[in-house]
Amino acid sequence: MATKFKNTLFEKVLFTIIYFIFSTTNSTKAFDTSSCASQPDLTIIPVYGKCSPFKPTPGPWADTIINMASKDPARLDYLASLVARRKPVSSAPTASGQAFNIGGYVVRARLGTPGQLMFMVLDTSTDEAWVPCTGCTGCQSTSSPFSPTASATYGGFITCSATKCYQARGAQTCPASPGSTSACTFNQSYGGAMFSATLVHDSISLARETISKYSFGCVNSVSGGSIPAQGLLGLGRGPLSLISQSLSLYSGVFSYCLPSFRSYYFSGSLKLGPLGQPRRIQTTPLLRNPRRPSLYYVNLTGVSVGRVRIPLPREFLAFNPNTGSGTIIDSGTVITRFVQPVYNAVRDEFRRQVKGSFSSLGAFDTCFEKSYERLAPTMKLHFEGLDLKLPFENSLIHSSSGSLACLAMAAAPNNVNSVLNVIANLQQQNLRILFDTVNNKVGIARELCN
């Protein structure tokens with residue numbers, strides 16, 4: 001059932017989120033705009049419909065998830081690399097690469113005046129937004145890049161001596177001369193591709209709301225692979241994120257509901273601002289880690305499998321601002337990843353209760369005959385002040401043949417940065433996840449948005 005909203009500046013904004021399966025071989029293809037152009041921004045667009053510019057890789061959805069989940073370790077390496085810089089502005093280093101290749105969901109935005117339609121990957125663990133711009137070398141030729149010269153409100157580049165330049169991850173060193181007027185550029189990596197962008201500002205419109213002088217990256221060159229054809233929208237906690245740049249408009253509050261991977265038509269939504277958010281919703285404290293200030297940390301206190309609460313050493317779950325360890329909620333990771341000792345304990349108890357023979361399938365090491373699914377226990381995540389019981393669709397996936405069911409969780413990469421537990425987007429589907437960055441709380445409520 002559609003919900004009607006008042007068209008005022010201070011009302012909530014609801015704009016389209018489309019499920020988007022991104023791979024380095026995908027491209028934006030031409031599509032008939034005769035009927036699509038007349039649809040309002042609030043229309044929910046099916047990813048396989050003619051109004052979607054993206055064409056997912058064909059094949060069973062389970063195979064697609066297995067392929068995406070295989071790239072989660074690179075995503076976790078990226079999350080672990082987000083360590084705050086401590087060097088002065090003049091020597092800001094190039095940050096570690098944004099080494100992931102997922103892009104689970106996209107949002108429709110319009111940049112400039114008149115608005116140029118862009119379908120941007122939504123990412124809660126990245127701050128900077130960036131889009132391919134005209135003249136970009138190495139960008140996908142079939143995409144529609146942003147054209148600064150076609151925008152009446154384009155404000156040009158931000159100088160390298162500006163505070164915002166230092167805030168950009170991967171910002172290049174500014175010339176030694178004080179008050180330099182050189183452009184701010186930053187380098188990042190994405191899914192194995194390196195790209196260079198200039199920090200610029202222009203207006204961005206989300207549904208009927210417009211944010212003026214919004215700072216984002218204008219991608220100039222790409223090498224070594226491909227990036228999302230129409231860019232990325234950062235919803236992290238840093239100063240260059242959409243949430244921070246629109247603080248006076250939306251009060252640091254947003255929420256989303258992600259539709260299931262199995263849905264054909266998608267009705268997921270992103271809501272900005274405190275109005276229109278759920279009135280009755282359980283909350284848990286939102287924590288800030290100075291080592292990784294862009295990430296949304298919560299206090300995970302335990303995990304239950306069926307009626308058994310797993311005995312877990314506190315150090316594997318505890319939030320530690322000195323080491324960056326703890327648990328985050330992330331929209332870009334596909335399946336929940338626990339540090340190795342936590343995952344092993346959860347997996348072993350799950351296997352004990354199912355009592356079948358187990359095999360591996362891609363990233364999933366606990367797969368079993370579907371006939372044993374009736375024995376599969378429910379999973380519950382315990383947060384401070386909040387218990388989240390996962391429906392089976394959020395804890396199990398099935399093979400493309402339908403003969404196997406798999407526990408949809410895995411261990412984090414076993415390396416020096418293995419300190420993060422990540423609550424991923426498969427476990428968030430059909431839930432309203434609310435972030436209040438001013439009052440420091442996260443809310444979770446069941447909501448069917450398929």
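Before moving on, here are some points about what is shown:
- Percent of C-alpha pairs per 10 Å bin, the range 191-240, short to long: 20, 49, 26, 4
- Of the trypsin sites (Lys or Arg not before Pro) in the range 267-363, the ones in a loop by DSSP (not H, G, I, E or B) with at most 11 other beta carbons within 10 Å are Arg279, Arg280, Arg307, Lys355.
- Gyration tensor verdict on the range 240-301 (Cα atoms; rounded if a/c is under 1.5, prolate if a/b is larger than b/c, oblate otherwise): prolate
- Whole-Å distance, taken between Cα centres, linking the range 251-321 and the range 329-372: 20
- Accessible area of Thr149 in the full protein assembly, 1.4 Å probe (Å², nearest 10): 130
- Cα gyration tensor, the range 189-274 - rounded (a/c under 1.5), prolate or oblate: oblate
- The range 346-450: C-alpha gyration tensor shape, a/c 1.5 cut-off, then a/b vs b/c: prolate
- Expressed as a whole percent, the accessible area of the range 274-417 that falls on carbon and sulfur atoms is 48 (1.4 Å probe).
- If the segment from Arg279 to Ala318 were pulled out straight at 0.36 nm per residue, it would be longer than the present Cα-Cα gap by 11.1 nm.
- Across the alpha-carbon set of the range 243-392, the Rg to Rh ratio works out to 1.00, Rh being the Kirkwood radius.
- Here the range 167-265 has 52 percent of its accessible surface on carbon and sulfur atoms, given a 1.4 Å probe and all protein chains in place.
- Between the amide H of Gly302 and those of His382, distances stay under 5 Å, these residues lying 5 or more places away or on another chain, with hydrogens modeled in the peptide plane.
- Loop chymotrypsin sites (Phe, Trp or Tyr not before Pro), the range 252-340, which have at most 14 other Cβ atoms in a 10 Å radius of their Cβ (DSSP): Tyr264, Tyr265
- Value of relative contact order over the range 325-381, rounded to a whole percent, pairs C-alpha under 8 Å and six or more apart: 25
- Residues in the range 133-278 average 36 Å² of solvent-accessible surface per residue, probe 1.4 Å, ligands and nucleic acids excluded.
The values are calculated or read from the model by the stated rules, or taken from the named source; none is laboratory data. Computed from a predicted model, the values in this text were never measured in an experiment. Glycine gets a Cβ as well: all are built from the backbone with ideal geometry, and neighbour counts include every protein chain shown. Ligands, DNA and RNA are stripped out before the accessible areas are found, and what is left, the full protein with its side chains, is counted by its heavy atoms. Shrake-Rupley method; radii C 1.70, N 1.55, O 1.52, S 1.80 Å.
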